[in-house]
Amino acid sequence: MSKVSRFVEVDDLSILQRLATAQRQIANDGGSSSNSTFSFWEKTSWYPQVARRLFHPLLLDPRNDCFVLFTVLMLFTVLPSAVWLMLDFAWWRAALHVALVIQNAGSYTSVLHNSCHKKVYSVSWMNYIVPVLLGPLFGQTWNTYYYHHIKHHHIEDNGPNDLSSTLRFRRDSIAHFAIYFLRFLLLVIIELPVYFVRRGRYWNAAASFSGEVASLAFVWGLAKFNTLGALFVLFVPLIIIRFGMMSGNWAQHAFIDQANPTSNFKSSVTCIHHSYNRVAFNDGYHTSHHLHARRHWSEHPTHLVREVSVYYASRPVILQDIDFMGLWVLLMLQRYNRLAQLYVHLGPESERPSQQEIIDMLKSRTRAFSDEQIRHHYPYDKARTSAVCYF
């Protein structure tokens, strides 16, 4: 497989409607180039040979060589910057460090996400570099992402037992989002272990709780050494990343069909034709990801093209030329007119709904679910059963 073939994107939406397989590189998506730190290096003439000779022998799947490149770049940029800031704090370097973290946060979180679903390296200890060594520098407390996302979120699938579920919230309300974000920020250290204990998964409870406590102790220890350094190296990224993750999850599960919230097609959003998918390894294809959590990230666009008739019949929300942060902003501003313009209709043009019909549909899918609706769609026995299933 060639280096660039992993980064494909739907080329022309009208071609997609006719079930064609034409695709394009996301790096050239919409006429905009990627802003990722590693994109420059990947485009060099010598990179394919370096990847093949140095990276591929370390990998379980050679398509993930870009993960190695990104990790190496972070080890030679973010890590030294953090060490320098801890040893010799300066305000201008603190600002640059935070900017560097923000610039690479999407790519880092996606690498972490993919490596949690499927191990990346054939050398066992190397699988700990991203979550353990780089994790705190990108606002990730030890163990929490893995146990929340893999052992919890994908099991509960945005249902009522999911601690990050959006069901009970009005997804176009900034007040509701504030509650949603603050709950995760402040209470995940307690709520996630309690969730596991109630289901008899004591090891998961211990691992998630100990990871949070160890991370907080690490922050406290570094703060004793250099308070301002620890603030900008660990605490500020923690707030930024948790806000990014929760606003992202909010957008990914913003449009939920009131009649069928258990369908992955009708409870998750797909964002296509945007450079974000190049930066974050096709993270915009969230419906495809929930349909098959271990599907390789490079296969999401192909899956959409191949199964477009199924998507069309299932009526999911697919948006173009926007990422999840942009979607979150438009939701908070209640810009439904703009969202309707970005809506992708997969079927024949003669069946395309009017702009007002699209707006009405989107608004209906952001309404909060009542307790009665939740009991109807998620009976207790079913919710309890899903909570104790494993991959």
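The values are calculated or read from the model by the stated rules, or taken from the named source; none is laboratory data. Values in this document were obtained by computation on a predicted structure and should not be read as measured data. Because the Cβ atoms are built from the backbone with ideal geometry, glycine has one as well, and the counts that use them run over all protein chains shown.
Exactly one residue among Arg306, Arg335, Arg294 is surrounded by fewer than 19 Cβ atoms within 10 Å (Cβ to Cβ) and in contact with a Lys or Arg (Cβ under 7 Å, 6 or more places away or on another chain), and that residue is Arg294. The set of residues in the stretch 157-190 being surrounded by fewer than 17 Cβ atoms within 10 Å (Cβ to Cβ) and either among the aliphatic types (A, V, I, L, M) or in contact with a Pro (Cβ under 7 Å, 6 or more places away or on another chain) (or both) consists of Leu163, Ile174, Ala175, Ala178, Ile179, Leu182, Leu185, Leu186, Leu187, Ile190. Considering every residue within the stretch 263-282, establish whether at least one is over 24 Å from Ser110 (Cβ atoms), out of contact with any Phe, Trp or Tyr (no Cβ under 6 Å at 6 or more places or on another chain) and assigned to a helix (DSSP H, G or I). No, the stretch 263-282 has no match at all. Highlighted here are the helices (runs of 4 or more DSSP H) found entirely within the stretch 1-118 that include at least 2 residues which are modelled with pLDDT of 50 or more and β-branched (Val, Ile, Thr): 65-75, 78-87, 91-117.
Filtered by the rule that a residue be aromatic (Phe, Trp, Tyr), surrounded by fewer than 24 Cβ atoms within 10 Å (Cβ to Cβ) and over 14 Å from the mean Cα position of the chain (by Cα), the stretch 237-274 gives a lone residue, Phe265.
Look at (1) farther than 16 Å from Ser110 by Cβ; (2) part of a helix (DSSP H, G or I); (3) out of contact with any strand residue (DSSP E or B) (no Cβ under 8 Å at 6 or more places or on another chain) and you find that Leu304 fails only one, number (3). Scan the stretch 219-232 for residues that are among the aromatic types (Phe, Trp, Tyr) and farther than 18 Å from Trp84 by Cβ and the total you get is 1.
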